[in-house]
Amino acid sequence: MPRRSARLNTSQSNPSNLGSTYVAPAPISTNNTSSIDDPNQSATPFPFLDLPPEVRNRVYSFAFSNIATRDLSQTRIPPVALVSHQLRDKALLVLFASPHFRLTAGNNFTAKFDERWHFQMGRTYYRDHSRSGSGTIGMKRIIGRFLKDAGEAALFRNITFEVFDSSDIRDAREWERQGRPRRFRDYEIFEDQVAVRLHLGVVEGSLQVSFVDGRHHPAFGQRPYSGRVGEAQIVRDVDGSVDKAISVAQDIAGHDEFKGFKITDLRKIATAFRLE
């Protein structure tokens, strides 16, 4: 049996098979210059930037509606910010105006404790990878470059540094990448690794600072250094790094016309958590 498509082709090739109702198709005009298939015809772009600011800001808000409290290092570049430099600057001003972002920073206090303890015991200490994550924020290179190029358009006014021991920072950032722990048990494990939370808020150019010690802060004595030589010093080290980070943030906020933190400012603040 021939295929159905073949029978249709045969019938169409012989108009007499269709009876008296057959009407020949009208010829297609080749002079229609308004055809949408004309490659030489360009569509007129919508004048989005001519809209009132309140309307544009509402569009930006819809575009950024999926961005809530989250790790800044895992933030994706919004497509609307890739259209042009002008649109990027206007969109980012809205994007970073109010959302609360987090940054995971490493502090090498356990490695520093081990180094001192080995020295006091007359033993050789070998530095390991646990120092590598200290004083960093784990920002993807392409995101960091984009935010740096944005300059004053990408200012952060509500951000929390979650400080982990550098030996735990890799796991913490992997949790952030996967969307933070959802199950109670995993969440408890995550919380057990937080040493300090430092929050920086900017309201009308004024810096507001608050911090709280986490469960992993050495003052709680939950780590191997509890009861060992140098325990008090490591507590002072962690508290001192927080004070240093606050001091760096205050110096930045003391500049004229300060409105928020740039990504380069956040990197400077994070370096305060690295113990030398």
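The values are calculated or read from the model by the stated rules, or taken from the named source; none is laboratory data. Predicted model only: the values in this text are computed from it and were never measured. With ideal geometry, Cβ positions are generated from the backbone for all residues, glycine too; neighbour counts draw on all protein chains shown.
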TODO: Go through the range 118-161 and count every residue that is surrounded by fewer than 16 Cβ atoms within 10 Å (Cβ to Cβ), out of contact with any Asp or Glu (no Cβ under 7 Å at 6 or more places or on another chain) and modelled with pLDDT under 75.
DONE: 11
- [ ] Check the range 225-233 and report whether any residue there is at positive phi, at pLDDT below 75 and exposed (fewer than 13 other Cβ atoms within 10 Å of the Cβ).
- [x] yes
Open item on the list: Pairs needed: first member in the range 77-97, surrounded by 15 or more Cβ atoms within 10 Å (Cβ to Cβ); second member anywhere, basic (Lys, Arg) and not in a loop (DSSP other than H, G, I, E, B); C-beta distance under 8 Å; at least 6 residues apart or different chains.
Closed with: Ala81/Arg88; Lys90/Arg56
Open item on the list: Looking only at the range 74-105, how many residues end up being in contact with a strand residue (DSSP E or B) (Cβ under 8 Å, 6 or more places away or on another chain) and in a loop (DSSP other than H, G, I, E, B)?
Closed with: 5
TODO: Answer yes or no: is there a residue in the range 212-223 that is surrounded by fewer than 12 Cβ atoms within 10 Å (Cβ to Cβ), more than 30 Å from Pro79 (Cα to Cα) and modelled with pLDDT of 85 or more.
DONE: yes
